[in-house]
Amino acid sequence: METKEDILILAIESSCDETAASVVKNGRNVLSNIISSQIELHTLYGGVVPEIASRKHIEKINQVIEEALREANVTLNEITAIAVTYGPGLVGALLVGVSAAKAISFATGKPLIGVHHIEGHISANFIENKELEPPFVCLVVSGGHTHLVIVRDYGVYEILGYTRDDAAGEAFDKVARAIGLGYPGGPKIDKISKEGNPDAIQFPRAKVDGSNYDFSFSGLKSAVLNYLNSCEMKGIEVNRADVAASFQRAVVDVLVEHSLNAVKEYGFDQFAIAGGVASNSSLRAAFEAECGKRKIAFFHPSPIFCTDNAAMIGVAGYYEYIKGTRSGYDLNAVPNLRLGTVGK
């Protein structure tokens, strides 16, 4: 039995193609983390098909929630509050999770807390790094997002930079498709890059005029496509491993440079990464090395907490709960929700 002091958050995440539920105790102790992935299904189409994702969420959501409660060995009665991702993401997918969370909240009388998906990714760092406390700089890199953020306090963010076009993960997917690796691109490029020479091809490192911390990856993606077209026209055989490794190096160089410049300029000694691309081995190794040289404490979640999961939503939900954030039954999916609107 849990003591009365314990705060148990039941968390639900359904923003893209993972149906996930988790029970998190006192903000940092994950009692269960259940993820039903649709990746094999969407691989057939070369990317996530929103309508199919929504239907699969409907099929899986109740099973996943029940399994999360069972694994955590708690009942709905013992849950303190329900946290759910309400944006950003695919609107149909988000609605499934939000509807389930509202129904449970209504049926049990437990508080409902809407959580920002990116806040969840940032909060994933608190699960395994018990010593990490704000303030720190965090780079969020995923299929849909590239954000450089100062975490001033729990749930208090200052965005320094974001992508002006393609997110880093989106660029990985598009380049992987172009060189015939298929979907999902990130893990496949990471794997094949180990066989390639990252200095074989000089791809551009884009800078955004007037902003030191914004990102742009569409030019890099175009440069890769132009290189492939040029090779095809000249009858030159393409070394896929070299293309992947050179492209990955270009992405990593920009992410590392922008991030560590921000850490230095704003005077922090802690830096974290989050999001699906944060599990990239080359990116992690580069940050390990550069943070080591600069005496900056480097934090990152395990790969299971980098990709979409509900444990991270439970952690973010806990800090929103103790701050007093509560959502009404009019909570709706907000597909383009901006970071900084959390809890307001």
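What number goes with the only condition from (1) in contact (Cβ under 8 Å) with a residue 24 or more places away in the chain; (2) assigned to a strand (DSSP E or B); (3) among the charged types (D, E, K, R) that LYS174 does not pass?
(2)
So HIS116 fits all but one of (1) under 17 Å from the mean Cα position of the chain (by Cα); (2) closer than 20 Å to PHE268 by Cα; (3) not polar (S, T, N, Q); what number is the exception?
(2)
When the residues of the range 309-327 are narrowed to those that are assigned to a helix (DSSP H, G or I) and of a type outside the set (A, V, I, L, M), which ends up surrounded by the most Cβ atoms within 10 Å (Cβ to Cβ)?
Restricting to residues being assigned to a helix (DSSP H, G or I) and of a type outside the set (A, V, I, L, M), the top hit is GLY314.
Do we have any residue at all in the range 321-336 that's at positive phi, in contact (Cβ under 8 Å) with a residue 60 or more places away in the chain and in contact with a strand residue (DSSP E or B) (Cβ under 8 Å, 6 or more places away or on another chain)?
No, there is no match, as no residue in the range 321-336 is at positive phi, in contact (Cβ under 8 Å) with a residue 60 or more places away in the chain and in contact with a strand residue (DSSP E or B) (Cβ under 8 Å, 6 or more places away or on another chain).
If SER327 meets every condition in (1) at pLDDT 95 or above; (2) within 20 Å of GLU170 (Cα to Cα); (3) among the polar types (S, T, N, Q) apart from one, which number is that one?
(2) is the only condition that SER327 fails.
Which condition does PHE271 not pass, out of (1) within 18 Å of LYS130 (Cβ to Cβ); (2) touching a Lys or Arg at 6+ places or on another chain (Cβ under 8 Å); (3) in the same structural domain as PRO198 (by TED's automatic domain parsing); (4) not hydroxyl-bearing (Ser, Thr, Tyr), if it passes all the others?
(2)
Given the criteria modelled with pLDDT of 90 or more, among the aliphatic types (A, V, I, L, M) and out of contact with any Lys or Arg (no Cβ under 9 Å at 6 or more places or on another chain), does ILE201 qualify?
Yes: the conditions hold for ILE201.
Where residues in the range 271-329 are within 27 Å of PHE247 (Cα to Cα) and among the β-branched types (Val, Ile, Thr), which of them is nearest to the chain's Cα centre (by Cα)?
THR307
Within the range 261-278, count every residue that is of a type in the set (S, T, N, Q), under 15 Å from ILE122 (Cβ atoms) and in a helix (DSSP H, G or I).
Total meeting the criteria: 0.
Exactly one of (1) closer than 16 Å to GLN248 by Cβ; (2) touching a Leu at 6+ places or on another chain (Cβ under 9 Å) is unmet by GLN202. Its number?
Only one criterion in (1) closer than 16 Å to GLN248 by Cβ; (2) touching a Leu at 6+ places or on another chain (Cβ under 9 Å) is unmet by GLN202, namely (2).
Identify the residue in the range 1-54 that is at pLDDT below 85 and β-branched (Val, Ile, Thr) and, among all such residues, is surrounded by the most Cβ atoms within 10 Å (Cβ to Cβ).
Restricting to residues being at pLDDT below 85 and β-branched (Val, Ile, Thr), the top hit is VAL48.
Need the failing condition index for GLY186 against (1) at pLDDT 90 or above; (2) part of a helix (DSSP H, G or I); (3) over 11 Å from the mean Cα position of the chain (by Cα), just the number.
Of (1) at pLDDT 90 or above; (2) part of a helix (DSSP H, G or I); (3) over 11 Å from the mean Cα position of the chain (by Cα), only one is false for GLY186: (1).
Take SER216 and tell me if it is among the small types (Gly, Ala, Ser), surrounded by 14 or more Cβ atoms within 10 Å (Cβ to Cβ), in contact with a strand residue (DSSP E or B) (Cβ under 6 Å, 6 or more places away or on another chain) and under 27 Å from HIS147 (Cβ atoms).
Against the criterion (among the small types (Gly, Ala, Ser), surrounded by 14 or more Cβ atoms within 10 Å (Cβ to Cβ), in contact with a strand residue (DSSP E or B) (Cβ under 6 Å, 6 or more places away or on another chain) and under 27 Å from HIS147 (Cβ atoms)), SER216 qualifies.
Return the pair list, or none, for Cβ contacts closer than 6 Å from residues in the range 125-154 that are within 14 Å of ALA274 (Cβ to Cβ) and at pLDDT below 95 to residues that are hydrophobic (A, V, I, L, M, F, W, C) and in a loop (DSSP other than H, G, I, E, B), at least 6 apart or on different chains.
Here the result reads GLY144/ALA167; HIS145/ALA167; THR146/ALA167, each pair linking the range 125-154 to a residue that is hydrophobic (A, V, I, L, M, F, W, C) and in a loop (DSSP other than H, G, I, E, B).
Search the range 227-251 for residues being β-branched (Val, Ile, Thr) and within 19 Å of ALA206 (Cβ to Cβ), and hand back the single one that is surrounded by the fewest Cβ atoms within 10 Å (Cβ to Cβ).
The qualifying residue surrounded by the fewest Cβ atoms within 10 Å (Cβ to Cβ) is VAL243.
Going through ALA316, ALA262, ALA289 one at a time, which residue ends up being assigned by TED's automatic domain parsing to the domain that holds GLU13 and either modelled with pLDDT of 95 or more or closer than 22 Å to SER216 by Cα (or both)?
ALA316
Could you grab me the full set of residues in the range 285-308 that are in contact (Cβ under 8 Å) with a residue 40 or more places away in the chain, crowded, with 17+ Cβ neighbours inside 10 Å and not in a helix (DSSP H, G or I)?
PHE299, HIS300, PRO301, THR307, ASP308
List the number of the failed condition for LYS221; all other conditions in (1) touching a residue at least 12 places away in the same chain (Cβ under 8 Å); (2) farther than 26 Å from ASP308 by Cα; (3) not hydrophobic (A, V, I, L, M, F, W, C) hold.
All conditions are met except number (2).
The values are calculated or read from the model by the stated rules, or taken from the named source; none is laboratory data. Computed from a prediction, not measured in an experiment: that's the story for all the values here. Positions of Cβ are generated from backbone atoms using ideal geometry, with glycine treated the same way; all protein chains shown enter the neighbour counts.
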